[in-house]
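Worksheet: the structure to be examined is printed underneath.
A short reminder: the numbers here are calculations on the coordinates, not readings from a lab. These figures come from a predicted structure and were not determined experimentally. Cβ sites come from the backbone with ideal geometry, for glycine too, and all protein chains shown count toward neighbours.
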Amino acid sequence: MSGRGLMALVAVSAATAGLVGQSAGAPAAVQQVQATGLQQQLDTLLSDSRFQGSQVGLVVRDATTGETLYDRNGGSRLVPASNTKLFTSTAAMHTLGAGFKFHTDVLATAPVKRNGKLQGDLYLKGFGDPTALESDYVGLAKQIAAAGITKVEGNLIADDTYFDNVRLGDSWAWDDESFYYAAQISALTLAPNGDYDSGTAIVESRPGAAVGDPVLLNLRPANGLLKLINTATTGAAGSASTLSVQRDHGTNVVRVSGSVPLGAGLGSTWVTVWEPPLYAADVFRRALTAEGIKVEGKIREAATPATARQLARDESMTLGELMTPFLKLSNNMHAETLVKAMGAVTKANGSWPTGLGIVTAYAKSVGVDTATIRLSDGSGLSRKVNLTPNSITNILLAAEKEPWFQQWYDALPIAGNADRFTGGTLRTRMGGTPAANNLHGKTGSLTGVTALSGYVTNKDGRKLVFSMISNNYLTSPRSVEDAVGVTLASWTDQAPVAAIKPAPATKAQLNDDGTGPDDPGNDWIKGR
């Protein structure tokens, strides 16, 4: 611990303390207590009773020199949840480049007759684009129409062979399979809206006209793959909504049950799709039909022949631009797609083992002791992932030296900024404190796991990197994370200050924000 690291903290003003008390999501009890040094301050925060019987690691380093200012269990392996995305995103920016784009192609081997008939199959080949929307498939259909094709005499072939056929990550929980944060990974897929949750569709719901009427449902985008079984009814006005949307394992049967109160507005629930390539092909076929192009055959899955010629192409946003929805909203599917894409682009092998090898190699190249960590997926949904706070701070320090750093840094969630695509998963946290619009960090959340790592500038303008991971608690210490962030943002070498005290746990902080003991937590709650 350096002498500079032991310098006392500057007092948080009464005005700031008042703002903290009023802001949504800030540590509710940021209080002034006796002045202490930084090490004592952080030691006090980590002595919180919520850590009894659990594990916590915290490392704070100078972002310019790399000097370690605080280290509690920095070398201990812990489950990091979505802090894993710091490894995946930096490796992807390094390996693929900020300007990299995914694409989706339409191809054929057969000739087109003068009357517009394609004498054979039409191939829809995906190259991993997790941002492909219905509108993109409409654009592909328009290109096919512009090429003069009016009828496909063969089948529509869905080709996702750019990646392997392993759809779900290592040790992902079976009971997460229906939920949007655990969608199947495919090189040919579709997202239902601008959050780009690939491999999912949205089930829209409205109450009926009277109590007891069936709930009205709609699929977005419209498709013939998902089959809705609706037993949900309209409840009394003001009653609780108990709507449940669950897909049966191994099928595209989606069961909608429960109740929606009379007079409620439009509801949206994301559900995963079994076999995303068929989903994308179904939406594309509908787009072809809308353009007056008839496909006489069926939708099938197969590889595109090497002799096929390209008829149409759709390109994604750049990888640098993708970092914003990926990191702000902690999108698991983006992480896993990037892992497989790194393998496909550099090794012609779009698999998790190959892609994770590339992520590990990048981490090793920038100083991470990769013999002390384990990567099992790219998102952190797997509980086999083990990282250390030291390894995460090494990644954060290395990223600062990369040519793409600023775009990546801007894509990290920003504490206390209410805009969803600015504050991201930190938008309701640390508002009205010195950390607000200052701390850029990556959150992480699973049941019994919370993590926060990133960058924060102290009151003297000194930039810090930090990583905090907590495991195996029964009551969430997320407010302690917030207090650590505020403490680092408040710190100054110039004068002594009061310590920051975290709020006690409330019902809203139990079991990952009250979402239930088996829910992955606040990183992946829609609408937050």
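Working note: 222 nm ellipticity from helices only, DSSP H runs with n ≥ 4, each -39,500 (n - 2.57), summed and divided by the residues of the chain, gives -7500 deg cm²/dmol to the nearest 500. Could you name the aspartates and glutamates in cross-link range of residue 328, using Cα to Cα under 17 Å and dropping any fewer than eight places away on the same chain? Within reach: 195, 197, 336, 410, 419, 523.
Of all DSSP bridge pairs formed entirely within the chain, close to 80 percent run antiparallel. For the chain, find the longest principal axis of its Cα atoms and tell me its angle to the long axis of helix 134-146, 0 to 90°, nearest 10. Compared with the principal axis, the helix lies near 30 degrees. By the count of other C-beta atoms within 10 Å, a proxy for reagent exposure, 316, 470 are ordered fewest to most as 316, 470.
Relative to the Cα centre, the charge distribution of the chain, modelled as +1 at Lys and Arg Cβ and -1 at Asp and Glu Cβ, gives a dipole magnitude of about 440 debye. Taking Cα atoms only, the orientation of helix 389-399 departs from the longest principal axis of the chain by about 70 degrees. Would you mind checking 85/442; 101/340; 442/501 for any pair whose Cα atoms are more than 18 angstrom apart? Distance filter (> 18 Å) returns 442/501. Would you mind getting the Kirkwood hydrodynamic radius of segment 200-272 from its Cα pairs, rounded to one decimal in Å? Result for segment 200-272 stands at 12.2 Å. In the chain, the convex hull through the Cα atoms has an average projected area of 25.1 nm², a quarter of its surface area.
Relative contact order of the chain, taken over Cα pairs closer than 8 Å and 6 or more residues apart, is 25 percent.
Straight-line cross-link reach from residue 151 at under 12 Å between alpha-carbon atoms covers these aspartates and glutamates, not counting any fewer than eight positions away in the same chain: 121, 291, 296. Annotation: amide H-H contacts under 5 Å for residue 457 (H modelled 1.01 Å from N, sequence separation of 5 or more, or interchain): 464. Here the contact order of segment 200-272, divided by its residue count and restricted to Cα pairs under 8 Å and six or more residues apart, works out to 39 percent. Which pairs in the list 117/298; 142/298; 117/227 are over 22 Å apart, alpha-carbon to alpha-carbon? From 117/298; 142/298; 117/227, over 22 Å: 117/227.
The angle between the Cα long axis of helix 478-490 and the longest principal axis of the Cα atoms of the chain comes to about 60 degrees, rounded to the nearest 10.
Of the beta bridges in segment 200-272, as assigned by DSSP with both residues counted there, near 70 percent are antiparallel.
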